[in-house]
Amino acid sequence: MCGVFGYVGQPTQVVPLVANALRIMEYRGYDSWGIGWDIGSEVSLLKQTGRVPAELQADQVASIAIGHTRWATHGGVTDANAHPHIDTDGRIAVVHNGVIENAEQLKIDYLIHVSFRSETDSEIVPHLIRYHMEHGQSFTESVRTTFLMLEGSSAILAMDCVSNMMVAVTARSPLRLGRRTDGWELASDPLACARSSHEIAVIPDHHLVVLTQSSAQLVDVYAGSEISISWEPTPEELSSSRGDFPHFTIKEIHDQVEVVRDLEDKFNDVGPLAEAIGHHKHIILTGCGSAYYAANLGATWLQDACDAWIDVVPASEVSEHTRNLGTDTLVIALTQSGETADVVDAMQHAIRWGANTATIINTETSTIANMAETVVGIKAGVERSVLATKSFMAMALRIYQTAAWLRGERSVDFSRLANDLDAVLRSEAISRIAYEIARHPSMIVLGKDAGRAVAQEAALKIKEGSYLHAEAFITGELKHGPLALVQSGLPCLVIATSSEELRAARIAAAEVKSRGGYVIGVGEFEQRDCSEVIAVESTTSLASLVHLAAMQKLAYHVAIARGVDPDFPRNLAKSVTVR
Ligand code: GLU
């Protein structure tokens, strides 16, 4: 995971420049941060654990600098393990995104005499670059040779304080080059360049970017040949702000009303996906985390709309053993970032099987968008909170529209859904109940059919946002084991998104309540069924998404009640680009 950033250009106050970019990319990892800049023939470093401070000394002027926000994979969360890492005499500095699988072996083979300052896999990179320079290679050549020795996935930015050059390269980690009026910048996320660069280019895998103050070159790592850079204007919608909301999480929950309204007009986008589904006997929906649960919800609509056999498989479980029919299988990847390593791997398995591929995706200029034959954008706009909310809503709606297309419909009215969402997000009962739940260390969430996917997503949101152990179970499974967890006061959310689900949900609610549980019914429950009711109408086929929004709002308020910043939950990052 992590965010890398680099600047090469006119001398400027580099610390605030890099720090601003790091703050934008903090969602990618916030274990530690670090900035390195040239002070002559060596690098000066500022790095420490935690979030990038709001105030930093700003007067350091340099023409070349790098920065990093870390999501630790190798080595604890310490100042020493924070990037940048440097070679022995501080001439070369490196920031790294990814995992170097053969780091220990490379240490033994090449760097046995080096005393390492950190426990990271990344620190071998500056030492290896220096090793190759000492064996006669140029800085650029040394970065190339080092990169070719690494196993795993890596985006690397290396700066040399003597030649004043920066060289970057990537394998399966996102990297963008931005053209500024005063130089160049490199970043894991185009958002970090959105305000400062007027043009942006995607750096393809296995290509070196060689930057000096006056030039930017793209070079094929294997052929050594220069490739022209495909510049594109910086997309306008890249900017995002919290507005008057205290957190991105709650802002993005409220954004959903607009997302739903916008998607209604984009119905025709799903045509190619629906046609593709119509030509296959077997559909695999795949994704990770919330995207996986959105796939579970979407499958409940799709299975009624087509004859294909539908499997929903978490991306990390897609392997050579996964059931597939080769060319008769269509793999549809659901992803917000388009860079999730497990989803990239799943797509690669699909391609190896000879299956066809599609994606329902937010970032339409991304690795997975490039891999898929059919691409449906979810048009949710930038999602900044680590807790996925509007991307879930938009993914589910894209599947709903696809199911409608397969039934022969050519439009779907979302106005009722938008109004219902607006109404449920005003509910004051939800925040009051959240404060009650927040006092407990654990809870259970029950759901059936569509309500099961909502229950799974609700439990995930509560775990991520507030560290409260929330476990989702299928309503009918309660009495086959989970009921043993129920004791006096245990919070239990019972979700019923339709009248069919309500019947089973009321029985489960009664079973939990009679054992002293604190039962919160979500749906059209009678007050006497439960200890509390979050009233949500269950009369439309999209009612499950209104229940979902109620659960997102509940999870947000549980997080606030427990003093957690839901935009940056511990140990997590938004875009999981490592395995
Ligand atoms: N593997 C490196 C580390 O643990 C980089 C992790 C990242 O991508 O943030 O420092």
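The values are calculated or read from the model by the stated rules, or taken from the named source; none is laboratory data. Computed from a predicted model, the values in this text were never measured in an experiment. Backbone-built Cβ (ideal geometry, glycine too); neighbour counts: all protein chains shown.
General observations
- Once the range 386-424 is narrowed to residues that are part of a loop (DSSP other than H, G, I, E, B), over 24 Å from the mean Cα position of the chain (by Cα) and of a type in the set (A, V, I, L, M, F, W, C), the residue that is farthest from CYS492 (Cα to Cα) is VAL412.
- Count of residues meeting criterion [under 21 Å from the mean Cα position of the chain (by Cα) and in contact (Cβ under 8 Å) with a residue 24 or more places away in the chain] in the range 285-322: 20
- Among (1) of a type outside the set (Ser, Thr, Tyr); (2) farther than 21 Å from LEU297 by Cβ; (3) modelled with pLDDT of 95 or more, the one test that ARG426 misses: (3)
- Among residues of the range 2-22 that are surrounded by 23 or more Cβ atoms within 10 Å (Cβ to Cβ), those with a Cβ under 6 angstrom from a residue that is β-branched (Val, Ile, Thr) and not in a strand (DSSP E or B), sequence gap 6+ or separate chain, pair up as PHE5/VAL18; LEU22/VAL52.
- Within the range 16-65, being within 16 Å of the ligand (Cβ to nearest atom), more than 16 Å from SER196 (Cα to Cα) and aliphatic (A, V, I, L, M) holds for ILE35, LEU45, VAL52.
- The residue that is farthest from THR363 (Cα to Cα), counting only those in the range 302-336 that are surrounded by 23 or more Cβ atoms within 10 Å (Cβ to Cβ) and not aliphatic (A, V, I, L, M), is THR329.
- Some residue of the range 205-222 being farther than 15 Å from VAL8 by Cα and of a type in the set (D, E, K, R): yes
- Some residue of the range 131-146 being within 16 Å of the ligand (Cβ to nearest atom), modelled with pLDDT of 95 or more and buried (at least 16 other Cβ atoms within 10 Å of the Cβ): yes
- Residue match in the range 83-98 (condition: touching a helix residue (DSSP H, G or I) at 6+ places or on another chain (Cβ under 7 Å), within 13 Å of the ligand (Cβ to nearest atom), within 18 Å of GLY152 (Cα to Cα) and modelled with pLDDT under 95): no
- Of residues in the range 113-140 being touching a residue at least 40 places away in the same chain (Cβ under 8 Å) and assigned to a loop (DSSP other than H, G, I, E, B), the one nearest to GLN217 (Cα to Cα): SER122
- Restricting attention to the range 341-375, the residues being touching a Ser or Thr at 6+ places or on another chain (Cβ under 7 Å), outside any helix (DSSP H, G or I) and aliphatic (A, V, I, L, M) number 5.
- Test: HIS68 is within 16 Å of the ligand (Cβ to nearest atom), under 19 Å from THR120 (Cβ atoms), within 21 Å of the chain's Cα centre (by Cα) and not hydrophobic (A, V, I, L, M, F, W, C): yes
- Under the condition of being assigned to a loop (DSSP other than H, G, I, E, B) and either touching a helix residue (DSSP H, G or I) at 6+ places or on another chain (Cβ under 7 Å) or farther than 25 Å from ARG144 by Cβ (or both), the residues counted in the range 198-219 number 1.
- When ASN362, ASN370, ASN356, ASN296 are checked against the criterion of being under 24 Å from GLN401 (Cα atoms) and at pLDDT below 95, ASN370 stands alone in meeting it.
- Of residues in the range 99-129 being within 28 Å of the chain's Cα centre (by Cα) and among the acidic types (Asp, Glu), the one nearest to the ligand (Cβ to nearest atom): ASP121
- Residue pairs whose Cβ atoms lie under 9 Å apart, sitting 6 or more positions apart in sequence or on different chains, and linking a residue in the range 567-579 that is at pLDDT below 70 to a partner that is within 12 Å of the ligand (Cβ to nearest atom) and among the β-branched types (Val, Ile, Thr), are VAL578/THR73; VAL578/VAL99; ARG579/VAL99.
- Listed conditions (1) buried (at least 21 other Cβ atoms within 10 Å of the Cβ); (2) within 18 Å of the chain's Cα centre (by Cα); (3) farther than 25 Å from VAL412 by Cβ are all met by GLN552, apart from (3).
- Any hit, the range 480-498, residues being buried (at least 21 other Cβ atoms within 10 Å of the Cβ), touching a residue at least 60 places away in the same chain (Cβ under 8 Å) and not aliphatic (A, V, I, L, M): no
- Residues (within 16 Å of the ligand (Cβ to nearest atom) and crowded, with 22+ Cβ neighbours inside 10 Å) located in the range 147-173: PHE147, LEU150, SER154, ALA155, ILE156, LEU157, ALA158, ALA168, VAL169, THR170, SER173
- Look at (1) modelled with pLDDT under 95; (2) under 15 Å from ALA470 (Cβ atoms) and you find that MET443 fails only one, number (1).
- Conditions (1) among the hydrophobic types (A, V, I, L, M, F, W, C); (2) near the ligand (Cβ under 10 Å from one of its atoms); (3) touching an Asp or Glu at 6+ places or on another chain (Cβ under 8 Å): number failed by ALA80: (2)
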